[in-house]
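Single-structure report; data block below.
The values are calculated or read from the model by the stated rules, or taken from the named source; none is laboratory data. Small disclaimer: the values here were computed from a predicted structure and weren't measured. Don't worry about glycine lacking a Cβ; one is built from the backbone with ideal geometry, like all the others, and counts go over all protein chains shown.
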Amino acid sequence: MNNLKDATNTLTFNITAKDVEKAEINDKNHCVVAEAIRKMPGVLGVEVGLDITRVLMDDGYILRYHTPQGLSIAARIFDKTEKWELPLGRYSLHPPPPSMSLATIRKEERERSIKGNRKDKQKYRIKTGRNTPKFSTRHAEFAKIRKTRPSDLKM
């Protein structure tokens, strides 16, 4: 996905009654917002998510925008009721905030892969016998004794 990148400018679009009529329920590629954005020049495809909207441009790049909470909630309501709750008119998508940028996401993925896909390494609990490393055979014997019933131990 070398062609995926964060947007640098805002994207302003108009939602009309035609977009609401044309929209499909439970389809992130043909919802009201997607239909409105698709009309813009240079746009080949749109995928509207709850947090991130991806727009495929004619130059081959996929630009990531932050989906505003109001549009996100209105899209979910539309999927359930088939009614567009927001007024028709102009809306904008902004570039994703730094916490949702591709650089931050890739940095977190790199750190997790180094740590073994865990945010925090688990501590070993000797008392419960869980998440413990392999011990010598003496400790393994104690673990077996702990798991057996008193009636099984005949001396």
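Observations on the structure shown:
- The residue of segment 69-112 that is farthest from Leu50 (Cα to Cα), among those that are among the β-branched types (Val, Ile, Thr) and surrounded by 11 or more Cβ atoms within 10 Å (Cβ to Cβ), is Thr104.
- Verdict on Arg64 being surrounded by 18 or more Cβ atoms within 10 Å (Cβ to Cβ), of a type in the set (D, E, K, R) and out of contact with any helix residue (DSSP H, G or I) (no Cβ under 6 Å at 6 or more places or on another chain): yes
- Evaluating Gln69 against the criteria (1) out of contact with any strand residue (DSSP E or B) (no Cβ under 7 Å at 6 or more places or on another chain); (2) in contact (Cβ under 8 Å) with a residue 60 or more places away in the chain; (3) not charged (D, E, K, R) leaves one unmet condition, (2).
Let's see how each residue does on (1) at pLDDT 90 or above; (2) farther than 30 Å from Cys31 by Cβ; (3) more than 26 Å from the chain's Cα centre (by Cα); (4) assigned to a loop (DSSP other than H, G, I, E, B):
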{"residue": "Leu44", "(1), (2), (3), (4)": "yes, no, no, no"}
{"residue": "Lys134", "(1), (2), (3), (4)": "no, yes, yes, yes"}
{"residue": "Glu141", "(1), (2), (3), (4)": "no, yes, yes, no"}
{"residue": "Ile145", "(1), (2), (3), (4)": "no, yes, yes, no"}
{"residue": "Lys154", "(1), (2), (3), (4)": "no, yes, yes, yes"}
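- Scope segment 1-33; condition of a type in the set (A, V, I, L, M) and either loosely packed, with under 14 Cβ neighbours inside 10 Å or closer than 16 Å to Gly70 by Cβ (or both); matching residues: Met1, Leu4, Leu11, Ile15, Ala17, Val20, Ile25, Val32, Val33
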